[in-house]
Amino acid sequence: EELLLESGGGLIQPGKSLRLSCAASGFTFSAYTMSWVRQAPGKGLEWVSAISGSGYNTYYADSVKGRFTVSRDNSKNTLSLHMTSLRADDSAIYYCAKPAEAFYYYYYYMHVWGKGATVTVSS
Amino acid sequence: SSELTQDPTVSVALGQTVKITCQGDNLRSNYASWYQQKPGQAPILVVYGKNNRPSGIPDRFSVSSSGNTASLTITGAQAEDEADYYCNSRDTSGDHVIFGGGTKLTVL
């Protein structure tokens with residue numbers, strides 16, 4: 001069974017940093033471009049970032065570019081999101097997601113989702 | 001950049017057919033994928049690509065596309081289909097992903 005499990009969420013003050021992790025199992029992790037998607041309370045889904053299977057290519061939403069860094073460790077089947085200069089509007093549930101297909105172009109077909117990690121940015 | 005537009009709310013009588021639409025210029029060259037999300041749960045991929053359903057998704061879910069509009073059709077809606085539905089696709093730059101604002105489906 002393909003599984004994703006996020007960790008690292010919590011309550012954090014504005015301006016501080018936080019790292020989320022996503023542990024993957026049940027599939028060949030290095031073959032897939034992986035994504036982070038977030039959902040603010042009562043709001044819709046927002047794509048945050050993605051990273052290619054090799055880790056060479058990374059992509060970011062304009063709202064987080066320059067503040068968030070996505071990375072992966074294929075030897076540990078782990079995806080990470082390092083978030084800096086956090087703001088109140090970064091408060092959300094953060095999901096990691098695996099696509100339905102390994103071909104890079106279709107990484108937006110997000111088939112497997114974790115249960116999410118809640119990040120609350122507040123003083 | 002680009003955006004995907006969905007109707008905020010749609011309702012359907014139990015057992016009837018409903019179409020949920022998603023509009024955006026990038027849909028002229030990219031398929032959409034569709035997600036169902038119930039309160040307190042992670043999204044579930046229901047249809048992607050030309051008309052592919054992951055294992056376990058009922059065949060009452062299907063998609064179609066015309067011009068800048070992608071549509072998710074539920075044929076014979078069930079009470080358990082009541083949920084929020086989101087479309088997504090690549091944006092016009094090609095490297096980013098965008099989601100529609102979501103449609104809340106009510107089954108009457």
Q. Å³ per residue of the Cα convex hull, for the protein assembly as shown?
A. 112
Q) If ligands, DNA and RNA are left out, what is the accessible area of residue B:50 with a 1.4 Å probe, given in Å² to the nearest 10? A) 150
Q. In terms of solvent-accessible area of protein heavy atoms at a 1.4 angstrom probe, what is the ranking of A:16, A:115, highest value first?
A. A:115, A:16
Q | All lysines inside 19 Å of residue A:16 as judged from Cα atoms, apart from same-chain residues fewer than 8 positions distant | A | A:65
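Please state, rounded to one decimal and in Å, the Kirkwood hydrodynamic radius that the stretch A:17-123 gives when every pair of distinct Cα atoms enters the mean of 1/r.
13.8
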Q: Would you list which lysines come within 20 Å of residue B:104, measuring only between C-alpha atoms, while excluding same-chain residues fewer than 8 positions from it?
A: A:43, B:19, B:38
Q) Which aspartates and glutamates does residue A:98 reach when only Cα atoms under 12 Å apart count, and residues fewer than 8 places away in its own chain are ignored? A) A:2
Q: For the stretch B:5-36, run through the chymotrypsin sites (Phe, Trp or Tyr not before Pro) and keep only the ones in DSSP coil with at most 15 other Cβ atoms within 10 Å of their Cβ.
A: none
Q) Full extension from residue B:80 to residue B:3: what is 0.36 nm times the residue separation minus their Cα-Cα distance, to one decimal in nm? A) 24.8 nm
**Q.** Karplus (6.51, -1.76, 1.60) ³J(HN,Hα), θ = phi - 60°, over the stretch B:72-89, in Hz, Gly and Pro reported as x
**A.** 9, 10, 10, 9, x, 4, 10, 4, 6, 7, 5, 4, 8, 10, 10, 9, 8, 6
Q. If the viscosity is 1.002 mPa s and the temperature 20 °C, what Stokes-Einstein diffusion coefficient in µm²/s follows for chain B when Rh is the Kirkwood radius over Cα pairs?
A. 156
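Give the average, rounded to an integer, of partner chain Cβ atoms located within 10 angstrom of each Cβ in B:89-96.
The shielding value for this peptide is 3.
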**Q.** With DNA, RNA and ligands ignored, accessible area of residue B:29 (1.4 Å probe; Å², nearest 10)
**A.** 90
Q: Within the stretch B:3-108, list the GluC sites (Glu not before Pro) lying in a DSSP loop whose Cβ has at most 15 other Cβ atoms in a 10 Å radius.
A: B:3
Q) Ignoring ligands, DNA and RNA, what accessible area per residue does the stretch B:1-101 give at 1.4 Å, in Å²? A) 46
Q: Please express the Cα-Cα pair-distance distribution P(r) of the stretch A:13-62 as a list of whole percents, one per 10 Å bin, running from 0 to the bin with the greatest distance.
A: 20, 45, 30, 6
Q) Among B:85, A:32, what's the order by accessible area (1.4 angstrom probe), most exposed first? A) A:32, B:85
Q: Just the number, please: buried accessible area between B and A, total of both chains, 1.4 angstrom probe, nearest 100 square angstrom.
A: 1900
Q) Roughly how many Å² of residue B:21 are accessible to a 1.4 Å probe, to the nearest 10? A) 40
**Q.** Ranking by accessible area, most exposed first, for A:36, A:113 with a 1.4 Å probe
**A.** A:113, A:36
Q. Rolling a 1.4 angstrom probe over the protein heavy atoms, how many square angstrom per residue are accessible across chain A?
A. 45
Q.
Going by Cα centres, the stretch B:14-42 and the stretch A:1-46 are how many Å apart?
A. 23
**Q.** From phi via Karplus (6.51, -1.76, 1.60), per-residue ³J(HN,Hα) for the stretch A:24-30 in Hz, x at Gly/Pro
**A.** 10, 8, x, 8, 7, 3, 5
Q) Tell me, how many Å apart are the Cα centres for the stretch A:70-89 and for the stretch B:62-84? A) 34
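The values are calculated or read from the model by the stated rules, or taken from the named source; none is laboratory data. Bear in mind the structure is a predicted one, so any value in this text is a computation, not a measurement. Glycine also receives a Cβ, built like all others from the backbone with ideal geometry; neighbour counts cover every protein chain displayed. The accessibility values were calculated without ligands, DNA or RNA, using every heavy atom of the protein model including side chains. Shrake-Rupley method; radii C 1.70, N 1.55, O 1.52, S 1.80 Å.
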